[in-house]
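Computed from the coordinates by the stated procedures, all read-outs in this text should not be read as laboratory data. This structure is a prediction, so every number in the text was calculated from the model and none was measured. Reconstructed Cβ throughout: ideal geometry from the backbone, glycine too, with neighbour counts over all protein chains shown.
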Amino acid sequence: MSRKARAVLCRELNKPVVVEQVSVDPPKRGEVMVRMGACGVCHSDLSAINGTIALPLPLVLGHEAAGVVEEVGEGVNDLAKGDHVVFSFIYMCGKCRFCAAGRPVLCLEQGKALTTPLEGTPRVRDAAGKPLNIFSGCGTMAEYATVSAENLIKIDPKIPMECAALVGCAVTTGVGAVFNTAKVEPGSTVVVFGCGGVGLSAIQGARIAGAERVIAIDTLEPKLAMAKKFGATDVILFKEDPVKELKKLTGGGPDYAFECVGSGELAGVAYRAIRRGGTAVVVGVARSTENTALRTMTLVFEEKTLTGSYFGSCVPRVDFPRMLGLYLGGQLKLDELITRRYSIAEAPQAFADLESGKNARGVIVF
Ligand SMILES: NC(=O)c1ccc[n+]([C@@H]2O[C@H](COP(=O)([O-])OP(=O)(O)OC[C@H]3O[C@@H](n4cnc5c(N)ncnc54)[C@H](O)[C@@H]3O)[C@@H](O)[C@H]2O)c1
Ligand SMILES: [Zn+2]
Ligand SMILES: [Zn+2]
């Protein structure tokens, strides 16, 4: 049965989001309809609105979410009505050489399930019956969403929806960049640029990994106070190029740098900041027109590494339970990441607050 639902849409670039009544189709073969519990407001959603990430419009926003299975399509055997699930915004075919090698973020089939379920036709329509795209195979800023079963990970129902939702992007991205991409070692020195949901998660990850020093950098003072709560040992208010200060503070530069803002220039700053043999990880998504410059020679004589991290280089079926285990064990703070809860009608305000940097994370609660 198709369902009426309210959904948050981007209809026009650089215009406020709109909340509309839509109709969500029942699941086809290999698909599942989910009743949404909570959906985080991620900078990548904002990037779809301002054109940094080019996705076709009109678009149902949202990818960082958790909910309850409402209906399963034919051939879905591992999920049932009532199961609690977290969305994964990467589609994993399970068969290509990257999936087979345990690197599903690089799955070759990803582009096929980017704005619809894998089958390729839309499941959401507006009031006039026009088809709508969904953000990264999810479209979870809506009361209901029908997606490929491969985009869903079953979780322990005792975990609050709004905490579980954060594992669907910010937390796995930030902590995963530290654990999986960089493999930060105990006793090391880490710098994190940008203290939003992703950067604060990287800071927590570094603390859990046993980093001795975690330096947080942001342009907003209140973000630095938040960073301290999540384990930053030092903070720097970004005004001018902080490389000199970082070198001085750490006696030669940090072992690892994480760029969690989305700027080509900052990626270069992160690379310059790290010591010999260090690793700089680009997590933020910059506009496709941006570039990063680095002194080529330093790659050789200083054996520095500049790399990227997509969704924390995670394997959702391994890393989601791992993150939630750290949460249940009291090591990973999720409740504290949520600065403000919004109703779906308040979505325009939630995006305005994200843009002005008010929140660690804002979450729409259904
Ligand atoms: N790699 C991935 O898979 C992945 C996943 C999710 C999000 N992202 C990207 O990560 C980035 C961060 O996402 P978020 O949701 O945490 O965003 P956010 O807007 O919540 O946080 C960004 C923070 O960066 C700060 N900032 C801005 N300019 C800065 C500067 N020059 N120096 C230091 N700090 C600065 C802002 O004040 C803000 O606190 C975005 O680009 C987003 O698209 C990437
Ligand atoms: Zn694959
Ligand atoms: Zn995200």
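Annotations for the structure displayed:
- Fraction of the pair-distance distribution of the range 1-148 above 25 Å, Cα-Cα pairs, percent: 23 percent
- Across all C-alpha atoms in the range 115-161, the radius of gyration and Dmax reach 12.5, 39 Å.
- The packing ranking, built from the mean of other Cβ atoms within 10 Å per residue, places the peptides 137-148, 63-74, 344-355, 242-253 in the order 137-148, 63-74, 344-355, 242-253, highest first.
- Note on the range 107-265: dipole from Cβ charges, positive end direction compared against Gly139, Pro157, Gly196; the farthest Cα belongs to Pro157.
- Residue-normalised convex hull volume from the C-alpha trace of the range 172-289: 92 Å³ per residue.
- The tail of the calculated P(r) for the range 234-366, taken as Cα-Cα distances beyond 17 Å, holds 71 percent of the pairs.
- Report summary: the helix-based calculation at 222 nm, which adds -39500 (n - 2.57) for every DSSP H run with n ≥ 4 and divides by the residues of the chain, gives -7000 deg cm²/dmol.
- 0 to 90° range, to nearest 10: angle between helix 316-328 axis and the chain longest Cα axis: 70 degrees
- Whole-percent pair-distance distribution, where bins are 10 Å wide, for the alpha carbons of the range 138-228: 16, 38, 29, 16, 1
- Local charge for Glu185 was computed over the other residues whose Cβ lies under 13 Å away, with Lys and Arg +1 and Asp and Glu -1, and equals 0.
- Qualifying lysines (Cα of each under 23 Å from Cα of Lys4; at least 8 residues distant if same chain): Lys28, Lys81, Lys130
- If a spin label sat at a point 7 angstrom from the Cα of Lys183 along the line to its beta carbon, the backbone N atoms of the range 249-275 nearer than 17 Å would be those of 255-257.
- Most mobile listed residue (Gly308, Gly330, Gly268) in the chain, GNM with C-alpha springs under 10 Å: Gly330
- Paramagnetic reach from Ser288 in the range 80-122 [backbone N under 20 Å; point 7 Å along Cα→Cβ]: 90-91, 106-116
- Between the range 239-265 and the range 105-177, the alpha-carbon centres lie 34 Å apart.
- Using a Förster distance of 25 Å, the FRET efficiency for Ala54-Leu106 (Cβ separation, nearest 0.05): 0.80
- Helix 264-273 axis, angle to the chain major axis (alpha carbon atoms, nearest 10°): 40 degrees
- Proportion of all alpha-carbon pairs of the chain beyond 39 Å (%): 13 percent
- Average silhouette area of the range 64-111, convex hull of alpha-carbon atoms, in square nanometres: 4.1 nm²
- Top positive-direction residue, dipole computed over the range 206-321 with Cβ charges, set Gly253, Val243, Ala267: Gly253
- With Cα atoms, 0 to 90° folded angle of helix 197-208 axis to the chain main axis: 60 degrees
- Part-to-part distance (alpha-carbon centres) for the range 1-50 and the range 207-234, which is given in Å: 33 Å
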